[in-house]
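Engineer: Please read through the structure below; I'll follow up with questions.
The values are calculated or read from the model by the stated rules, or taken from the named source; none is laboratory data. The structure presented is a predicted model; accordingly, all values stated were derived computationally and were not measured. Neighbour counts run over all protein chains shown; Cβ positions are idealised from the backbone, glycine included. With ligands, DNA and RNA removed, areas are computed over all heavy atoms of the protein, side chains included. Shrake-Rupley method; radii C 1.70, N 1.55, O 1.52, S 1.80 Å.
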Amino acid sequence: MAKTPTRRRKSPARSKSGGGGSALSWVVIGGLALGGIAVYDNWKSVKPMLSARASAPSASRGVAVAKSEPAKVVSRESGRDNVRDPGPRQTASISSSSRMLPPEAVPFPAKAPVVQAKAVAPTLSPAQGQTGKAAFGYCGQGEHINCVADGGTFWYKGEKIAIADVVTPGIETARCDGEKRLGFAAKLRLLNILNAGSFSMNVAGQSGKSGVPHVVSRDGKSIGVQMISEGLARKPGAPGAWCA
């Protein structure tokens, strides 16, 4: 007869190992329960320690989190904290080369000092002439602008002119009535000649009490020579007397 194999029974070993595992789990549960009771009884002293340990890592990460994480908006609604993320923010980095720089100052040339030229009255030589024309009258007590003083003196534009190539009879300085009458006649004749049109004046000497000596002419003919030919004047230095 064939022998039937016999099976080994391992149930006692399994029950032994299973009993050991269940006992270990009960020991762990009991230790956690005791630890929880101890923490609960000493919560006031344990809480500051936990807070200090929790704040230390967050303080070291504060700068990095501020740069990398977007800002969080916290609002309290219905007694609980709701965290709302506004989304990533784009930050533009401005390089030193792209910054706006103020324009450089533009140098202006220094202004040269302004020198005012002094007005110099033109001086006429005997070869240079001046053309004159005006409405003349007799010189009176007022301001002398364009007027005739006697047969050999007149004012033109406020300047006293003496006809250089004649000597005429006096009026205020007359030594007799004949000289005085002849002086008035010469004065009237010079007034008419000057009012007849434009004339030329050439400086013939230095200014004096009697005025600036000029040779007065029209169309190249001397007005002084004309008055001499009419008997109303004489050449300077010529002999003769106005009174007989």
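Engineer: Within region 217-239, work out how many residues are open to solvent by less than 60 Å² (accessible area, probe 1.4 Å), touching a strand residue (DSSP E or B) at 6+ places or on another chain (Cβ under 9 Å) and without any contact (Cβ under 8 Å) to a residue 24 or more places away in the chain. So that I can check it myself, show each step before the final result.
Structural biologist: From region 217-239, those open to solvent by less than 60 Å² (accessible area, probe 1.4 Å) are 217-218, 222-224, 227-228, 231-234, 238; that's our starting set.
Adding the requirement that they be touching a strand residue (DSSP E or B) at 6+ places or on another chain (Cβ under 9 Å) leaves 217-218, 222-224, 227-228, 233-234, 238.
Still in the running and without any contact (Cβ under 8 Å) to a residue 24 or more places away in the chain: 217.
The qualifying residues number 1.
Engineer: Go through region 197-210 and count every residue that is of a type in the set (A, V, I, L, M) and either in contact with a Lys or Arg (Cβ under 6 Å, 6 or more places away or on another chain) or in a loop (DSSP other than H, G, I, E, B) (or both).
Structural biologist: The number of residues fulfilling the criteria is 1.
Engineer: Taking A241 as meeting all but one of (1) in a loop (DSSP other than H, G, I, E, B); (2) in contact with a Ser or Thr (Cβ under 9 Å, 6 or more places away or on another chain), write down the number of the exception.
Structural biologist: The single condition A241 does not satisfy is (2).
Engineer: Return the residue satisfying two criteria in turn: it lies in region 151-169 and is without any contact (Cβ under 8 Å) to a residue 40 or more places away in the chain and open to solvent by less than 60 Å² (accessible area, probe 1.4 Å), and of such residues it is nearest to F199 (Cα to Cα).
Structural biologist: Let us first name the residues in region 151-169 that are without any contact (Cβ under 8 Å) to a residue 40 or more places away in the chain, namely 155, 157-158.
The next check asks that each one be open to solvent by less than 60 Å² (accessible area, probe 1.4 Å); those that pass are 155, 158.
Numbers: W155: 14, G158: 17 Å.
Among those that are without any contact (Cβ under 8 Å) to a residue 40 or more places away in the chain and open to solvent by less than 60 Å² (accessible area, probe 1.4 Å), it is W155.
Engineer: Hey, another quick one. Give the residues of region 211-231 that are outside any helix (DSSP H, G or I) and farther than 22 Å from A135 by Cα, sorted by residue number. Let's see the steps before the verdict.
Structural biologist: Step one: list which residues in region 211-231 are outside any helix (DSSP H, G or I), which gives 211-222, 230-231.
Matches in region 211-231: E230, G231.
Results for (1) under 23 Å from I228 (Cα atoms); (2) open to solvent by 60 Å² or more (accessible area, probe 1.4 Å); (3) modelled with pLDDT of 90 or more, shown as yes or no for each residue.
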residue: P107; (1), (2), (3): no, yes, no
residue: Q116; (1), (2), (3): no, yes, no
residue: G129; (1), (2), (3): yes, no, no
residue: V148; (1), (2), (3): yes, no, yes
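Engineer: Continuing with this model, one more query. Could you check region 185-209 and list, in sequence order, the residues that are over 14 Å from M227 (Cβ atoms) and surrounded by 14 or more Cβ atoms within 10 Å (Cβ to Cβ)? Spell out how you get there, then give the answer.
Structural biologist: So the first thing to find is which residues in region 185-209 are over 14 Å from M227 (Cβ atoms), and the list is 195, 197-198, 200-209.
Within region 185-209, N195, S200, M201, N202, V203, A204 meet the criteria.
Results for (1) in contact with a helix residue (DSSP H, G or I) (Cβ under 8 Å, 6 or more places away or on another chain); (2) modelled with pLDDT of 95 or more, shown as yes or no for each residue.
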site	(1), (2)
T173	no, no
C176	no, no
A185	no, yes
N192	no, yes
S207	no, no
G211	no, no
G240	no, no
C243	yes, no
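Engineer: Do you know which residues across region 131-182 are in contact with a Pro (Cβ under 9 Å, 6 or more places away or on another chain) and assigned to a strand (DSSP E or B)?
Structural biologist: D150, I161, A162, I163, V167
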